[in-house]
Each structure stands twice: as C-alpha cells, then as structure tokens.
Amino acid sequence: MWLLLAASVVAVAVVAERWLYLRRATIATGDFLRGLSNLVRRGAWTEAQIECKGTPVPVARVVHAAILRHELPRSDLKEIVQEAGQLEVPNLERGLGVLATVAQTCPLVGLLGTVAGMIQAFLTVSAQSGYVTATALASGVYTSLLTTAAGLSVAIPAQVAHNFLSSKVNVLLHEMERAGIEIVNVIMDSRPPQPTAAGIIPFDKPRTTPATPGKAQG
C-alpha cells in the first residue's frame with residue numbers, strides 16, 4: 001500500500017509539471033510565423049532573431065536556428081531545422097516514461113498484494129487446523145481485494161494522463177515541423193532571383209569579312 005501511495009504521488013507530480021510545461025510551450029504558430037515572415041521579407045534579420053529569443057518555446061527555437069543560418073542553401077536549412085527539432089524532443093517527452101512505468105507497474109503491485117492476502121488467508125486456515133471463522137478468513141481476502149483496487153485506482157488515471165500528454169507532445173512536434181518547413185520557404189522566397197544561364201543573352205562580336213581585291217580595269 002505504501003508503494004502504491006508513493007507511486008500516486010509521483011504520478012500527480014509528473015502530470016502537474018508536464019501539463020504546465022506543455023501549456024507554456026504552446027503558442028499560436030500561425031500568428032507567430034506571420035509576424036516573422038514580414039520581418040524576413042524586409043531583411044530585418046536582427047529583429048527576427050530578437051523576436052524568436054523573446055518567445056522561449058520549442059517552435060521559436062526551431063525557427064531561430066534557421067534564421068541564424070539564413071544564408072545557407074535550402075538543403076542545409078532543412079537539416080538545421082530537423083536537428084533543432086530533434087533537440088527539443090527529449091524536453092517534450094521528459095517524465096512520460098515515468099508516468100508510463102507507474103501505469104504499467106501499479107496493477108502488478110496490486111496483484112502482488114492480492115497474492116499476499118490470499119497467502120495470509122490460507123496461513124490463518126492452516127494455523128487453526130482448518131477450523132476458522134468467516135471473520136478471520138475475510139481479513140486476508142479484504143487485504144487482497146483492497147490492494148488490487150488501489151493498484152487499479154492509481155494505474156487507470158496514470159494511463160489516461162499519459163495518453164493525454166502524449167497527444168499534446170505529438171501536436172507540438174507537428175507544429176515544430178510545420179514551422180520549420182514554412183520558415184525555410186519564407187527565407188528562400190525572400191532572396192533575390194539569381195540569373196540563370198538560360199537568361200543570359202550572349203554578346204557576339206560583329207564579324208568582319210575580309211576585303212577581296214578588286215579586278216583590274218583595262
């Protein structure tokens with residue numbers, strides 16, 4: 001029972017910390033990208049970096065990584081935003097493993113209590129040579145049922161909370177991916193068009209024809 005109580009306290013602490021963290025990490029990605037797009041199109045890179053630094057959320061850090069290296073080609077920018085997103089994943093998923101362990105372990109702890117309670121009940125019967133009152137036998141059965149109920153009471157909310165927080169993390173991962181793709185497109189669109197070989201008009205020198213000697217007049 002004490003182990004289940006400790007597990008419930010840990011689960012509540014993890015859920016509260018993760019919920020507050022994910023709530024602070026969520027922003028209106030569309031509005032944020034629209035404001036940055038205006039700065040990028042004007043070439044205001046310093047202001048764009050300040051805007052990202054002033055928004056301490058995973059999406060802004062991914063975008064900030066691309067803005068810092070805005071002069072690189074598209075392929076390099078894509079790798080940069082992917083690496084920045086991968087660095088944010090451990091922070092987003094921190095504590096979810098503990099919550100999953102609580103959800104999976106508590107039913108087993110309850111089952112262990114059930115087995116211990118049934119053993120205690122049979123020991124009581126054995127100690128009294130098979131003659132035991134219903135009250136004495138019910139004590140062991142009560143212990144076994146109580147631990148099972150306690151284990152499930154901790155595991156079910158922990159599993160529900162784990163699923164809810166995992167869905168929030170998946171949404172943030174999608175938002176980071178979306179922000180990375182859009183900021184790369186905005187950076188590439190803000191660059192001046194480069195002349196291509198097909199658009200260059202060759203300049204040919206005028207050809208000179210050699211003069212032919214005139215015919216002698218008789």
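The values are calculated or read from the model by the stated rules, or taken from the named source; none is laboratory data. Bear in mind the structure is a predicted one, so any value in this text is a computation, not a measurement. Neighbour counts are summed over all protein chains in view; Cβ atoms, including those assigned to glycine, are modelled from backbone coordinates with ideal geometry.
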With the condition kept exactly as written, say whether any residue in region 94-102 is of a type in the set (Val, Ile, Thr), surrounded by 13 or more Cβ atoms within 10 Å (Cβ to Cβ) and within 18 Å of Ser190 (Cβ to Cβ).
no
Do any helices (runs of 4 or more DSSP H) lying entirely in region 1-82 carry at least 2 residues that are out of contact with any Pro (no Cβ under 9 Å at 6 or more places or on another chain) and over 27 Å from Val186 (Cβ atoms), and which ones are they?
2-24
Subset tally (residues that are in contact (Cβ under 8 Å) with a residue 12 or more places away in the chain and closer than 17 Å to Val59 by Cβ) for region 88-103:
5
Of residues in region 41-58 being within 19 Å of Glu177 (Cα to Cα) and touching a residue at least 24 places away in the same chain (Cβ under 8 Å), the one farthest from the chain's Cα centre (by Cα):
Thr55
Do the conditions hold for Ala100, that is, is it assigned to a helix (DSSP H, G or I), over 27 Å from Glu17 (Cα atoms), of a type in the set (Gly, Ala, Ser) and under 23 Å from the mean Cα position of the chain (by Cα)?
no
Output the residues belonging to region 158-201 that are of a type in the set (Asp, Glu) and either surrounded by 12 or more Cβ atoms within 10 Å (Cβ to Cβ) or modelled with pLDDT of 95 or more (or both).
Glu175, Glu177, Glu182
Reported set for region 110-130 where residues are surrounded by 19 or more Cβ atoms within 10 Å (Cβ to Cβ) and in contact (Cβ under 8 Å) with a residue 40 or more places away in the chain is Gly110, Gly113
Looking at Ala65 and the list (1) surrounded by fewer than 19 Cβ atoms within 10 Å (Cβ to Cβ); (2) within 22 Å of the chain's Cα centre (by Cα), which single condition is not satisfied?
(1)
State all residues of region 11-60 that are closer than 22 Å to Gln159 by Cα and either in contact with a helix residue (DSSP H, G or I) (Cβ under 6 Å, 6 or more places away or on another chain) or of a type outside the set (A, V, I, L, M) (or both); if no residue qualifies, say none.
Ala11, Val14, Val15, Glu17, Arg18, Trp19, Tyr21, Leu22, Arg23
Select from region 172-187 the residues that are within 18 Å of Arg23 (Cα to Cα) and either among the charged types (D, E, K, R) or without any contact (Cβ under 8 Å) to a residue 12 or more places away in the chain (or both) and list them in ascending order.
His174, Glu175
For region 203-212, indicate whether the set of residues that are surrounded by fewer than 14 Cβ atoms within 10 Å (Cβ to Cβ), among the basic types (Lys, Arg), at pLDDT below 95 and under 30 Å from Glu83 (Cα atoms) is non-empty.
no
